[in-house]
Amino acid sequence: MSKVAQRTGPLDGRNFGTTGVTLTPAAAATRISLRAREDGLATAKKILGFAPPGKPKSSATKGSINCLWIGPDEWLVIDADDSGLPAKFAKEGNTKLSAVEISHRNTAILLEGAKAVDVLNSGCPQDLSSASFPVGACSRTILGKSEIVLYRTGEHAFRVECWRSFSDYVWSFLMDAAKSA
Amino acid sequence: MLLIHCPYCEEERPELEFRGAGEAHIARPANMAEISDADFEKFFFIRDNEKGVVYERWRHIHGCGRFFNAARHSVSDKFIMTYKAGEKKPKITKTQIDAVKPPAKGTPANEPVWTVGGKGEAK
Ligand SMILES: [Zn+2]
């Protein structure tokens, strides 16, 4: 009989590689926009299994879950496996924190290679040197005309989170930058 | 590129991540429904627009998302300092102002780079 509906990602099927850098659409992931003040942090810690990082531009990881500092009371949680985070947050109620599932609002592009920083810096004005943006650092910033969340996963590897509807633009921007990097 | 110190990110970040948001320290009247039209106009529309030190709200919109305040010189456009929203208006010293003042008229740095002579030629 017929298959059930299949969800497709906005960048499915794309791939790009050139000397010094490759672009790959990231696999689907659960994402949560987490907002919490002081008194909501304990609950967040209980659900995530670790405390959301408190320092600007820093991230924390445990198992499949990454928690990225976005602002003083805002985090982006990315879960590569489906460990049921939205349901767990829903169960705790929303009185002391807000957890909004944005799994399908965002998509991500994985950028890897020795030229990764050069490619990003063609549209992102931040200092991405290892000293100021080390492995594990993350930040909401801009790339060209689009807002992104940048997460450094390795010395030469970045995850570029962007809104789904901007992903075509971000992909093309990175591809053009890679061609001339 | 202009670098702006975000008090929440605790570092200088490129201006492209920020958006200006008008004059700071404007208290919203608690009795909004009762104030006269003239008072409302004063609160809502009338701004000081000082020439010199100005206090402004800024938002790190493409960063941490937070609003914060800044003391800035409106002629040189230079920042004196930034501070968190809700903090008191800081006292700015003469030394701080002198550090961001535009160069005085007649000093080389204040002269336009290109001037056009009487016969229309660039000098
Ligand atoms: Zn900030």
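The values are calculated or read from the model by the stated rules, or taken from the named source; none is laboratory data. Model, not experiment: these values are computed from the prediction. Heads up, the Cβs are rebuilt from the backbone with ideal geometry, glycines too, and the neighbour counts pull from every protein chain shown. In case anyone asks, the SASA skips ligands and DNA or RNA and just uses the protein heavy atoms, side chains included. Shrake-Rupley method; radii C 1.70, N 1.55, O 1.52, S 1.80 Å.
Here are the numbers for the structure shown:
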| read-out | value |
| --- | --- |
| Among the candidates A:D176, A:D127, residue that is surrounded by fewer than 22 Cβ atoms within 10 Å (Cβ to Cβ) and under 25 Å from A:N15 (Cβ atoms) | A:D176 |
| Residues that are within 13 Å of the ligand (Cβ to nearest atom), out of contact with any His (no Cβ under 7 Å at 6 or more places or on another chain) and without any contact (Cβ under 8 Å) to a residue 60 or more places away in the chain, drawn from the range B:1-10 | B:L3, B:E10 |
| Members of the range A:29-44 that are surrounded by 16 or more Cβ atoms within 10 Å (Cβ to Cβ), farther than 15 Å from A:G84 by Cα and of a type in the set (G, A, S) | A:A36, A:G40 |
| Residue satisfying all of: in the range A:107-119; over 10 Å from A:A178 (Cβ atoms) and not in a loop (DSSP other than H, G, I, E, B); most open to solvent (accessible area, probe 1.4 Å) among these | A:E112 |
| A:D79 surrounded by 15 or more Cβ atoms within 10 Å (Cβ to Cβ) and either in contact (Cβ under 8 Å) with a residue 60 or more places away in the chain or under 25 Å from B:E10 (Cβ atoms) (or both) | no |
| Conditions (1) small (G, A, S); (2) without any contact (Cβ under 8 Å) to a residue 40 or more places away in the chain; (3) more than 30 Å from A:C138 (Cα to Cα): number failed by B:G20 | (3) |
| Pick from the range A:135-156, criterion open to solvent by 10 Å² or more (accessible area, probe 1.4 Å) and assigned to a strand (DSSP E or B), ranking: farthest from the other protein chains (Cβ to nearest Cβ) | A:G154 |
| Answer from B:F68, B:F40, B:F79, B:F18 - the residue that is within 16 Å of the ligand (Cβ to nearest atom), more than 14 Å from every other protein chain (Cβ to nearest Cβ), among the aromatic types (F, W, Y) and surrounded by 11 or more Cβ atoms within 10 Å (Cβ to Cβ) | B:F79 |
| Every pair of residues 6+ apart whose Cβ atoms lie under 7 Å, when the first sits in the range A:150-177 and is modelled with pLDDT of 95 or more while the second is open to solvent by less than 40 Å² (accessible area, probe 1.4 Å) and basic (K, R) | A:Y151/A:R159; A:T153/A:R159; A:F158/A:R152 |
| Filter result for the condition that a residue is within 12 Å of chain A (Cβ to nearest Cβ) and under 22 Å from B:I97 (Cα atoms), over B:E12, B:E50 | B:E12 |
| Members of the range A:147-161 that are in contact with a strand residue (DSSP E or B) (Cβ under 8 Å, 6 or more places away or on another chain) and over 16 Å from B:L16 (Cβ atoms) | A:Y151, A:R152, A:T153, A:G154, A:H156, A:A157, A:F158, A:R159, A:V160, A:E161 |
| Residues that are surrounded by fewer than 16 Cβ atoms within 10 Å (Cβ to Cβ) and touching a helix residue (DSSP H, G or I) at 6+ places or on another chain (Cβ under 7 Å), drawn from the range B:43-58 | none |
| Count of residues meeting criterion [open to solvent by 20 Å² or more (accessible area, probe 1.4 Å) and within 16 Å of the ligand (Cβ to nearest atom)] in the range A:45-58 | 5 |
| Selection within the range A:51-107 - within 14 Å of another protein chain (Cβ to nearest Cβ) and on the phi > 0 side of the Ramachandran plot | A:K57 |
